[in-house]
Amino acid sequence: MKKIGILGGTFDPIHIGHLIIANDIIEFLQLDRIFFIPTLVSPFKTKQKHTDYDIRIKMVQSAIRPFEYFNALDMEKDLPIPSFSINTINKLRELYHKSEFYMIIGLDQAKEFNRWKDYKDILKLVKILVITRNTDNFNDDRFIIYRGRRLDISSSEIRKRISENKNYNVFVTPDVYKIIEDEKLYRKNTSY
């Protein structure tokens with residue numbers, strides 16, 4: 001049985017922190033692969049404007065291309081809006097029914113987990129790994145807790161740096177940098 005990690009998010013943009021953490025989790029859980037699944041419309045960010053979905057998918061595909069154990073899935077564009085995790089999980093289980101799934105979430109998401117749609121069903125369908133810092137005093141028997149490396153890089157910080165004309169290329173892969181520059185993303189005239 002294949003062990004597959006699920007890493008969702010807006011990835012607006014994807015950055016090296018996502019890649020490093022995903023690699024750490026592959027080793028920690030001994031996963032066969034991780035699916036990067038960009039969210040079409042997050043249930044908790046329905047009013048927030050995001051970069052076009054196809055551009056975000058293109059950035060994810062570009063960032064993970066060198067890694068054979070990472071895959072980008074654009075499945076949420078065909079699922080109901082907003083993008084509830086339960087719908088994504090059910091679709092994954094339908095497509096990869098002989099696999100065991102591990103959903104990877106951050107501490108903030110874990111603290112709000114009881115607000116997720118059908119969260120009790122999610123717990124029955126997948127194992128959930130929560131990324132925390134060593135200094136975080138968080139425990140919850142429902143989750144696998146990962147207290148390893150955590151990088152303080154965020155997509156919102158990158159968008160802010162770009163809008164302020166600051167250097168940001170060290171935070172993203174060269175291919176993602178090229179897409180951001182070619183598409184003129186996150187400039188001051190955008191509403192980010």
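The values are calculated or read from the model by the stated rules, or taken from the named source; none is laboratory data. Everything quoted here is computed from the prediction, not taken from an experiment. Please note: Cβ atoms are built from the backbone with ideal geometry, for glycine as well, and neighbour counts cover all protein chains shown. Heads up: the accessible areas ignore ligands, DNA and RNA and are worked out on the full protein's heavy atoms, side chains in. Shrake-Rupley method; radii C 1.70, N 1.55, O 1.52, S 1.80 Å.
Details
- Test: residue in region 28-51 that is in contact (Cβ under 8 Å) with a residue 12 or more places away in the chain, open to solvent by less than 30 Å² (accessible area, probe 1.4 Å) and more than 29 Å from Gly148 (Cα to Cα): yes
- Test: residue in region 96-108 that is part of a loop (DSSP other than H, G, I, E, B), in contact with a helix residue (DSSP H, G or I) (Cβ under 7 Å, 6 or more places away or on another chain) and either of a type in the set (Gly, Ala, Ser) or modelled with pLDDT of 95 or more (or both): no
- Of the residues making up region 95-103, not a single one is aromatic (Phe, Trp, Tyr) and within 25 Å of Phe171 (Cα to Cα).
- The set of residues in region 1-23 being of a type outside the set (A, V, I, L, M) and more than 14 Å from the chain's Cα centre (by Cα) consists of Lys2, Lys3.
- Answer from Thr173, Thr132 - the residue that is under 27 Å from Glu27 (Cα atoms), at pLDDT below 95, surrounded by 14 or more Cβ atoms within 10 Å (Cβ to Cβ) and hydroxyl-bearing (Ser, Thr, Tyr): Thr132
- Subset of region 150-192 that is of a type in the set (S, T, N, Q) and in a loop (DSSP other than H, G, I, E, B) - its residue that is nearest to His18 (Cα to Cα): Ser154
- Flag not set for Met75, criterion: in contact (Cβ under 8 Å) with a residue 60 or more places away in the chain, more than 21 Å from Leu123 (Cβ to Cβ) and of a type outside the set (Gly, Ala, Ser).
- Among the residues of region 52-83, those that are surrounded by fewer than 20 Cβ atoms within 10 Å (Cβ to Cβ), in a loop (DSSP other than H, G, I, E, B) and of a type outside the set (Asp, Glu) comprise Arg65, Pro66, Phe67, Tyr69, Leu73, Leu79, Pro80, Ile81, Pro82.
- You will find that of Asp121, Asp141, the residue that is closer than 20 Å to Phe35 by Cβ and open to solvent by 60 Å² or more (accessible area, probe 1.4 Å) is Asp121 and no other.
- Residue match in region 134-146 (condition: assigned to a loop (DSSP other than H, G, I, E, B) and within 22 Å of Val172 (Cα to Cα)): no
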